[in-house]
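Trainee: Sending over a structure as structure tokens; questions will come in a sec.
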Amino acid sequence: MSLSTPETVGGQTAAGITTSLNKGGKPDVAGRVIGVLLLLALLGSLLILLTLVVDLINRSWSVWADGAGDFLSGPLNSSDASQAGVWQGIKGTLQLMVVVVVAAFPLGIACAVYLEEYAGKSRLARFTRLNVRNLAGVPSIVYGLLGLALFVQTFNLGRTVWAGGLALSALVLPIVVITASEALRAVPASVREGAFGVGATRWEVTRHHVVPAATPGILTGVVLSLARAAGEAAPILLVGAATGLLRTGSQSFWEQLGSSFTAMPVIIFSYARQPGEDFRALTAAASLVLLVVIVLMNAVAIWLRNRYQRQW
Amino acid sequence: MNTPKRRILAGALALALVAAACGDDDDSSSDTTAAEDESSGSSDVSGSIFVSGSSTVEPISIAVGNEFADQNPGVAITVEGPGTGDGFAKFCNGETDVSDASRPIKAEEIENCEANGIEFIELEVAVDGLSVITSTANDAVECLSFVDLYALLGPDATGVDNWSGATDAADTIGATVTDLGTPNTPFPDAPLTVTAPGEESGTFDSFVEIVIESGGDELGVEGANVRPDYTASPNDNVIIEGIAANDTSLGWIGFAFVEENLDSVKPLQVDGGAGCVEPTTETIASGEFPIARSLYIYISVPALESNEALAPFVDFYINEGITTLVGTGEGQVPYVPLNEDSLATTVSVWDNRETGTRDGG
């Protein structure tokens, strides 16, 4: 008997029939075992995450109990735990992210559009794709060295947000290119063909049909790479993020982009190196803050993706 | 979907980030600043100051810098501590305004500075004193000379797990080396357990440089180091606990921590060639206690001319900073404050803007 012809047979759905057929035959043991194993894998991952969060909250409890306001608004101070806070780190991380958004994303998305829509299957395009994939696997500290040599010294940007942000941009650029490429490739060929069919130019097809259709995927990739950049310590440490004390005084936003900076991962690193119970609690608290910042970024990613989701 | 709406939303993330980062242009700790200003009177000094150098001096510069920034909201300050040598490299390259140092500047570093036209002012700011410690239950040992310490903790002591095992070594060294104190042998027949700071610590470096290397130099041992087989910890409290837990333990630690833990550890007298000296705030500040070293800051003269915030910062550093923020009190950095003479020298060197080094070269 075929299950595919009518949607219901004698008032029974296809799924219902399958179930009743299976009941008559041998039970689906392998399916159930796999189902349980997959569930365990999921629960295991969630348990690790839960343990981490609970442990961080537990270790940092004294910091929140003593007044979260002082901690959240305090400066980087790796000597006196009572004065130490994370405000400079939150600010620095957001400033770095602004540079990454401005520098890496337009460039990365443009690269992806070129590779997917314009370059075709030329030797150069294949070579470029291969290299981009390899670059995405280069350890982040190497990008730190690049940032130090190129942005800090050659371009003479100094130990500034600009240099740190550009080093992070170089780090996430290949990831942006790859995720944006995947998103563009996932747009059905029929969309392009339909547009070409009514006489649109390549630019019109790309601009009005392919890129808008790929936007959810591109945005997801973009924000995930932003979260990656926000969590990196090694590159910006090499570029010269402040580790001891940072007070930015009354500098304006633009002045701050051109002066000393620090970031959340660097603050965690600085506090973790200090001896004493106080700094242990501060390290956990700073980790929690970074976690919240990154979760918020991911939430934005999900929101944006859902906002632009299209059904085919 | 209509395009303009989508375009607006597409920038939402970027805009949100810009807004968030823009929204805090004012001083990060405006609350405390406002409170400080009422008491000390606000100042209109502005500029940015970059301090680098010794990680030993870093806590002093952080404490002073933080206080100065509270009182002068127009000043941006960055402090880091990559090490004295790295600090001087940056300093002589004109990258930093102030260089922290746990030793006087070396001749080759001065040449490096001169090559780049960087004149400097050398200011002593505090004294870093170490204490050799044992358990309060240890009555058998009262004083150790540098010779004893070399025999007990030096490279040749590796594997020695009983105090008495180092007696012969101390006698042998004492017979040839005469200016590092006399051996206090025989050592007791008791287990020797050593707990001390690990290699990453500035206190480790200080001990090696002052005690072990001076012994090694006399004996012709190149690059003598501490025996590797001891319990190392970066945490001073763990070291104190380790010393207290064993009746016949031995170790060393920053003097400030000993003062706070006199009920659990006993500081030993140390003979550096001039007899046994008890470590006290006075003997360390005066240099009488042999395991002590001066901590310095070096001020860049070109930076003084170009950076108007630097002179007020140094004024604050030596006139208020080191007199109120160094010591063993709550919120103070645990080093030994300068004695009156040294402080007077520091102040006069600064007031007269005397360049060059007095202690180094």
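The values are calculated or read from the model by the stated rules, or taken from the named source; none is laboratory data. Not measured: the values here are computed from a predicted model. Reconstructed Cβ throughout: ideal geometry from the backbone, glycine too, with neighbour counts over all protein chains shown.
Trainee: Considering only residues of segment B:85-122 that are surrounded by 24 or more Cβ atoms within 10 Å (Cβ to Cβ) and in contact with a Gly (Cβ under 6 Å, 6 or more places away or on another chain), which is nearest to the other protein chains (Cβ to nearest Cβ)?
Mentor: Ranking the qualifying residues of segment B:85-122, first place goes to B:Asp100.
Trainee: For B:Ile62, indicate whether it is crowded, with 17+ Cβ neighbours inside 10 Å, assigned to a helix (DSSP H, G or I), in the same structural domain as B:Pro312 (by TED's automatic domain parsing) and at pLDDT 90 or above.
Mentor: Numbers: crowded, with 17+ Cβ neighbours inside 10 Å: yes; assigned to a helix (DSSP H, G or I): yes; in the same structural domain as B:Pro312 (by TED's automatic domain parsing): yes; at pLDDT 90 or above: yes.
Judged against the criteria, B:Ile62 is a match.
Trainee: Report yes if some residue within segment B:181-191 is more than 30 Å from B:Pro104 (Cα to Cα), buried (at least 21 other Cβ atoms within 10 Å of the Cβ) and touching a helix residue (DSSP H, G or I) at 6+ places or on another chain (Cβ under 7 Å); otherwise report no.
Mentor: Of all residues in segment B:181-191, those more than 30 Å from B:Pro104 (Cα to Cα) come to B:183-191.
Next, only the ones that are buried (at least 21 other Cβ atoms within 10 Å of the Cβ) stay: B:183, B:187.
From the residues that got through so far, the ones that are touching a helix residue (DSSP H, G or I) at 6+ places or on another chain (Cβ under 7 Å) too are B:183, B:187.
Within segment B:181-191, one or more residues are more than 30 Å from B:Pro104 (Cα to Cα), buried (at least 21 other Cβ atoms within 10 Å of the Cβ) and touching a helix residue (DSSP H, G or I) at 6+ places or on another chain (Cβ under 7 Å).
Trainee: If I filter segment B:288-316 down to residues being under 16 Å from the mean Cα position of the chain (by Cα) and of a type outside the set (D, E, K, R), which single residue comes out as surrounded by the most Cβ atoms within 10 Å (Cβ to Cβ)?
Mentor: Residues of segment B:288-316 under 16 Å from the mean Cα position of the chain (by Cα): B:291-298.
Those left that are additionally of a type outside the set (D, E, K, R): B:291-292, B:294-298.
Working: B:Ile291: 22, B:Ala292: 24, B:Ser294: 18, B:Leu295: 24, B:Tyr296: 26, B:Ile297: 29, B:Tyr298: 27.
Selected residue: B:Ile297.
Trainee: For the subset of segment B:255-277 comprising residues that are among the acidic types (Asp, Glu) and crowded, with 16+ Cβ neighbours inside 10 Å, which member is modelled with the highest pLDDT? Give the derivation first.
Mentor: First, the residues of segment B:255-277 that are among the acidic types (Asp, Glu): B:259-260, B:263, B:271.
Filter again for crowded, with 16+ Cβ neighbours inside 10 Å, leaving B:259, B:271.
Values: B:Glu259: 78, B:Asp271: 92.
So, considering only residues that are among the acidic types (Asp, Glu) and crowded, with 16+ Cβ neighbours inside 10 Å, the one modelled with the highest pLDDT is B:Asp271.
Trainee: Under 7 Å between Cβ atoms, which residue pairs at least 6 apart in sequence (or on different chains) link something in segment B:162-176 that is under 18 Å from B:Leu192 (Cα atoms) with a partner that is aromatic (Phe, Trp, Tyr)?
Mentor: B:Trp163/B:Phe187; B:Ser164/B:Phe187; B:Ala166/B:Phe187; B:Thr167/B:Phe187
Trainee: Among the candidates A:Ile57, A:Ile90, single out the residue that is closer than 23 Å to A:Val295 by Cα, touching a helix residue (DSSP H, G or I) at 6+ places or on another chain (Cβ under 7 Å) and loosely packed, with under 14 Cβ neighbours inside 10 Å. First the steps, then the outcome.
Mentor: Numbers: A:Ile90 fails: loosely packed, with under 14 Cβ neighbours inside 10 Å.
Every option except A:Ile57 fails the conditions.
Trainee: Right, another one. Say we look at segment B:62-84 and pick out the residues that are touching a residue at least 12 places away in the same chain (Cβ under 8 Å), at the interface with chain A (Cβ under 7 Å from one of its Cβ atoms) and of a type outside the set (A, V, I, L, M); which of these is nearest to B:Ile105 (Cα to Cα)?
Mentor: B:Gly81
Trainee: What strands (runs of 3 or more DSSP E) completely inside segment B:68-142 contain at least 1 residues that are under 28 Å from B:Thr283 (Cβ atoms)?
Mentor: Working: elements: B:75-79, B:98-101, B:120-135.
Qualifying strands (runs of 3 or more DSSP E): B:98-101, B:120-135.
Trainee: Confirm whether A:Leu52 is of a type outside the set (S, T, N, Q) and either under 21 Å from A:Val176 (Cβ atoms) or not assigned by TED's automatic domain parsing to the domain that holds A:Leu166 (or both).
Mentor: Answer is yes for this residue.
Trainee: Can you report the number of residues in segment A:272-288 which are closer than 15 Å to B:Pro59 by Cα and out of contact with any strand residue (DSSP E or B) (no Cβ under 9 Å at 6 or more places or on another chain)? Please lay out each step first, then the result.
Mentor: If we filter segment A:272-288 for residues that are closer than 15 Å to B:Pro59 by Cα, which is where we start, we get A:273-276, A:279.
Narrowing further to those that are out of contact with any strand residue (DSSP E or B) (no Cβ under 9 Å at 6 or more places or on another chain): A:273-274, A:276, A:279.
Residues that pass the stated criteria total 4.
Trainee: Take the conditions in contact (Cβ under 8 Å) with a residue 12 or more places away in the chain, hydroxyl-bearing (Ser, Thr, Tyr), surrounded by 21 or more Cβ atoms within 10 Å (Cβ to Cβ) and touching a Gly at 6+ places or on another chain (Cβ under 6 Å) and apply them to A:Thr206. Does it pass? I'd like the intermediate steps shown before the answer.
Mentor: On the way: in contact (Cβ under 8 Å) with a residue 12 or more places away in the chain: yes; hydroxyl-bearing (Ser, Thr, Tyr): yes; surrounded by 21 or more Cβ atoms within 10 Å (Cβ to Cβ): yes; touching a Gly at 6+ places or on another chain (Cβ under 6 Å): no.
So A:Thr206 does not fit the description; no.
Trainee: Let me ask something else about it. Taking the criterion of being more than 19 Å from the chain's Cα centre (by Cα) and of a type in the set (Phe, Trp, Tyr), would at least one residue in segment B:206-219 satisfy it?
Mentor: Scanning segment B:206-219, I find no residue that is more than 19 Å from the chain's Cα centre (by Cα) and of a type in the set (Phe, Trp, Tyr), so the answer is no.
Trainee: OK, next. Output the residues belonging to segment A:87-124 that are within 14 Å of chain B (Cβ to nearest Cβ) and either among the charged types (D, E, K, R) or at positive phi (or both).
Mentor: Of everything in segment A:87-124, just one residue is within 14 Å of chain B (Cβ to nearest Cβ) and either among the charged types (D, E, K, R) or at positive phi (or both), namely A:Lys91.
Trainee: Another question, then. Quick check on segment B:196-209: of everything there that is buried (at least 21 other Cβ atoms within 10 Å of the Cβ) and either at pLDDT 85 or above or in contact with a His (Cβ under 6 Å, 6 or more places away or on another chain) (or both), which residue is nearest to B:Leu149 (Cα to Cα)?
Mentor: Among those that are buried (at least 21 other Cβ atoms within 10 Å of the Cβ) and either at pLDDT 85 or above or in contact with a His (Cβ under 6 Å, 6 or more places away or on another chain) (or both), it is B:Phe207.
Trainee: Tell me the residue from B:Glu213, B:Glu199 that is within 20 Å of B:Leu130 (Cα to Cα) and outside any helix (DSSP H, G or I), please. Full working, then the answer.
Mentor: Details: B:Glu213 fails: outside any helix (DSSP H, G or I).
Among B:Glu213, B:Glu199, only B:Glu199 is within 20 Å of B:Leu130 (Cα to Cα) and outside any helix (DSSP H, G or I).
Trainee: Is it fair to say A:Leu43 is away from chain B (no Cβ under 14 Å) and either over 28 Å from A:Val172 (Cβ atoms) or modelled with pLDDT of 90 or more (or both)? Steps first, please.
Mentor: Details: away from chain B (no Cβ under 14 Å): yes; either over 28 Å from A:Val172 (Cβ atoms) or modelled with pLDDT of 90 or more (or both): yes.
So A:Leu43 fits the description; yes.
Trainee: Just to check your reading of the model, which residue among A:Leu184, A:Leu171 is closer than 22 Å to A:Val293 by Cβ, more than 12 Å from chain B (Cβ to nearest Cβ) and at pLDDT 90 or above? It would help to see each step written out before you state the result.
Mentor: Working: A:Leu184 fails: closer than 22 Å to A:Val293 by Cβ.
Every option except A:Leu171 fails the conditions.
Trainee: Here is a list: B:Thr167, B:Thr193. Which entry is at pLDDT 90 or above and either within 17 Å of B:Trp252 (Cβ to Cβ) or of a type in the set (Gly, Ala, Ser) (or both)? Give the derivation first.
Mentor: Numbers: B:Thr167 fails: either within 17 Å of B:Trp252 (Cβ to Cβ) or of a type in the set (Gly, Ala, Ser) (or both).
Unique residue meeting the criteria: B:Thr193.
Trainee: How many residues does segment B:211-237 hold that are away from chain A (no Cβ under 14 Å) and either in contact with a strand residue (DSSP E or B) (Cβ under 6 Å, 6 or more places away or on another chain) or farther than 24 Å from B:Gly272 by Cα (or both)?
Mentor: So the answer is 3.
Results for (1) under 23 Å from B:Val333 (Cα atoms); (2) modelled with pLDDT of 90 or more; (3) hydrophobic (A, V, I, L, M, F, W, C), shown as yes or no for each residue.
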site: B:Ala76; (1), (2), (3): yes, yes, yes
site: B:Gly85; (1), (2), (3): yes, no, no
site: B:Asp97; (1), (2), (3): yes, yes, no
site: B:Asp100; (1), (2), (3): yes, yes, no
site: B:Ile110; (1), (2), (3): no, yes, yes
site: B:Cys113; (1), (2), (3): no, yes, yes
site: B:Phe120; (1), (2), (3): no, yes, yes
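Trainee: While we're looking at this one, here's another question. With a cut-off of at least 3 residues that are in contact (Cβ under 8 Å) with a residue 12 or more places away in the chain and more than 28 Å from B:Ser135 (Cβ to Cβ), name the helices (runs of 4 or more DSSP H) lying wholly within segment B:258-346. Walk me through it before giving the result.
Mentor: On the way: elements: B:281-286, B:301-306, B:310-316.
Output list reads B:301-306, B:310-316.
Trainee: Output the number of residues of segment B:208-229 satisfying the condition of being out of contact with any helix residue (DSSP H, G or I) (no Cβ under 8 Å at 6 or more places or on another chain) and not acidic (Asp, Glu).
Mentor: 4
Trainee: Continuing with this model, one more query. Exactly one condition in (1) within 10 Å of chain B (Cβ to nearest Cβ); (2) closer than 25 Å to B:Glu95 by Cα is not met by A:Leu237; state its number.
Mentor: (1)
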